[in-house]
Amino acid sequence: MNNKELSHEPGLERIATGVPGLDDVLKGGFFEGAVYIVRGTPGAGKTILANQICFQHARQGKRALFVTLLAENHARMLQHLEQMSFYDAHLIPKYVYYISAFRVLEENGLKGMMDLLRREMRAHEASILILDGLIAVEETSTSDREFRKFIHELQAHAATAGCCTLLLTNGRRGEYHPEHTMVDGLITLEDVPYGKRRQRELEVRKFRGSASLRGRHPFQITDDGLIVHPRPESRFLRNTGIDNAARISTGIAQLDAMTNGGLIADSSTLVLGPSGAGKTTLGMAFLQCSSKAEPGLHFGFYESPQRLVANAGLIGIDLKSKVEAGHLEISWRPPFERVLDGLGNELIDTVRRRKVKRLFIDGWGGFAGTAETHERLGPFFAAVANELRSLGVTTMCTMETPNLIGPELLVPGTGISAVTENMILLRYSEYQGRLRRLISIMKVRGGGFDPKLREFEIGAEGLRFVDSFKTAEGVLSGYSTERSDVAATPARARKQAKGRRVSARRRGKA
Amino acid sequence: MQTVLVVDDEFGVAEVLQSILEDEGYRVATAINGKQALARLNELTPDLIMLDYMMPIMDGTQTLAAIRSNPAFATIPIIMMSSLEEAAVRETCTDYNSFLRKPFRAMAVLKLVAQLLEQSARQ
């Protein structure tokens, strides 16, 4: 059975959570009348999540009942919620109603508690019920059997009332929880350490009646409540090969010539090189060709939009008019502590919104710095690149190599090179007493290319190719020397002598 | 000794109120919802009632109406308590004597209780 078949559930209405990203993970939200356990350690975000769902539900004119047991008291909880944008005091008590059931549980046991829940669900016409502090019920139960009976009866009442029920608990036992086998779904919230960082992660461990996005998805608790970032590897599952024969200009005529007419449309190109080698300039030239038919996006981490446009102007690349015409968007993400998955989703969402065809990512290091583990980068980029390809986007992405000059080419081992169709290498080389910039094409998948090394210069008129290395060798090592075989040939010697005479005449005229 | 009836469903709130009021020399009775509070009224006639706004079974609005409709209890001073702002509470009920926003400070509670009991004694 595939995901599509599983997701088709005639007769079962979904209740959207309204929590950014969570409905994507749940493929549409919870089911009405179903019972879910939300498990997490103290401080994991269970109570905020549950309140956020209640208020989103209330905004649609529907009602939610929030029942606490041994949990944070209502007054303190509401004081904390006041800081959140989803909180709206006007929706209390008509649409969101808070009660405590602990005393009833203490005085009347599980039966009294069940009667209370049943009555209150009906009295408040609640279509969402939150029970915060399930562990108190578990502790009151005299046996696993009694606890399971309570869950079973609650499921029956919730189904009859069409009330989606979330049971919040921190789970006092290890991995064995008999109630997990009974409920319709299990969601865990965790705060996972990665070195000095911690990352909150949500996982749908069980979800009856539908597929869900598998695995752990990072989430953040912000002033707007929880924001879940579905992992691109689970979200973007399309596997599209390149079948577009069209070429798209790099914005540099000589580079187009080297690639037999430009980059293959929908492909991704990795531009490798050390700092200052011209990677961003290459990308700006690529984006200069943005148009109404081929909207462009600069997704960068290092330069603000104003600075980028100004720097482009200094080398004759006009991005300003492209931005003003609406053909180019510059999206700047300063490299603070971010979530890799969030960045990936923001990128894809912006591409979709703008119908982007030319994408320049500057650079890969901005993504890599946010990854919780190095191993994730390869699969992450493969998923994002696949999705971009499916959306018909031609992508250019920079990656900084650590060594400025020298014989070694140190490429960060991310696995990214395996999923990019094209690779362009920019390097420095010392030749005839000058440091020169070099460009070479290392790979063009599905098409021929000119493998020659070219020198290029960046000046007031942009990026210009020059031919300086016809007679040099050892260029890629960073230290070029005159080729002895070429220098020794009589024809070459005569040509060089003639060149010297012409230069002398010119100097004389001047 | 004056008697205060505290009506609140939330564990901890009634216990705290009971402690600080008893320390001050009041006799305190408690109930966890409006229905239970009405039953307690038949057993004792409190000098003051502290009533929570949101409760299961019978909420503050319903309880207040029931108390005021009974001539025997109609004049008992009532403090309505809520985590919500008073404006929200006044949308469903107004017939209480004073309002106490949660979370509260002990001194504020004692001051308010003493003030209402004094006013009630003068009338």
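The values are calculated or read from the model by the stated rules, or taken from the named source; none is laboratory data. This one's a predicted model, so the numbers in the text were calculated from it and none came from an experiment. Don't worry about glycine lacking a Cβ; one is built from the backbone with ideal geometry, like all the others, and counts go over all protein chains shown. The protein model used for the area step is the full one, side chains on, heavy atoms only, and it has no ligands, DNA or RNA in it. Shrake-Rupley method; radii C 1.70, N 1.55, O 1.52, S 1.80 Å.
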Report task. Considering Cα pairs under 8 angstrom that are at least six residues apart, work out the relative contact order of the stretch B:76-116 and quote it in whole percent. Result -> 45
Query raised in the report: Given a Förster radius of 30 Å and the C-beta distance between A:ASN108 and B:ALA72 as r, what FRET efficiency does 1/(1 + (r/R0)^6) yield to the nearest 0.05?
Result: 0.55
Query - Mean separation of Cα contacts under 8 Å (6+ apart) over length of the stretch A:255-394, as relative contact order % - result: 34
Report task. Please compute the net charge surrounding B:THR63, taking Lys and Arg as +1 and Asp and Glu as -1 over other residues with Cβ under 13 Å from its Cβ. Result -> -2
**Report entry** Candidate aspartates and glutamates for bridging to A:LYS62, where Cα separation is under 17 Å - those fewer than 8 sequence places away on the same chain excluded
**Finding:** A:GLU13, A:GLU32, A:ASP88, A:GLU120, A:GLU125
**Report entry** Rounded to the nearest 10 Å², the accessible area of B:MET107 at probe 1.4 Å
**Finding:** 140
Query raised in the report: Using 1/(1 + (r/R0)^6) with R0 = 45 angstrom and r between the beta carbons of A:ASN403 and A:ARG353, what's the FRET efficiency to the nearest 0.05?
Result: 0.70
**Report entry** Other protein chain Cβ atoms within 10 Å, averaged over every residue that makes up A:116-127
**Finding:** 1
**Report entry** Charge context of B:MET1, other residues only, Cβ under 15 angstrom, K/R +1, D/E -1
**Finding:** -3
Report summary line: Taking a crude spin-label model, label points 7 Å out from Cα along the C-beta direction, the A:TYR194 to A:ARG148 distance in nm is 3.8
Query raised in the report: Just by accessible area at a 1.4 angstrom probe, what is the order of A:TRP332, A:TRP364 from largest to smallest?
Result: A:TRP332, A:TRP364
Query raised in the report: So what does log10 I(q)/I(0) come out to for the protein assembly as shown at q = 0.05, 0.09 Å⁻¹, using the Debye formula with one equal point on every Cα and no solvent?
Result: -0.38, -0.84
**Report entry** Average other protein chain Cβ within 10 Å of Cβ, residues A:68-77
**Finding:** 4
Report summary line: By the C-alpha gyration tensor axes a ≥ b ≥ c (rounded if a/c is under 1.5, else prolate when a/b exceeds b/c, else oblate), the shape of the stretch B:55-123 is oblate
**Report entry** Ranked by how many other beta carbons lie within 10 Å on average, peptides A:325-331, A:396-402, A:283-289 from highest
**Finding:** A:283-289, A:396-402, A:325-331
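Sorted by packing (mean other beta-carbon atoms within 10 Å per residue), highest first, where do A:306-315, A:131-140 land? List each step's numbers first, then the result.
Values: A:306-315: 15.7, A:131-140: 20.8.
Descending mean neighbour count gives A:131-140, A:306-315.
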Report task. Count charges around A:THR420 for me, please; just the other residues with Cβ under 11 Å from its Cβ, Lys/Arg as +1, Asp/Glu as -1. Result -> +2
Query raised in the report: What does the average come to when, for each residue of peptide A:87-97, you count the partner chain Cβ atoms lying within 10 Å of its Cβ?
Result: 3
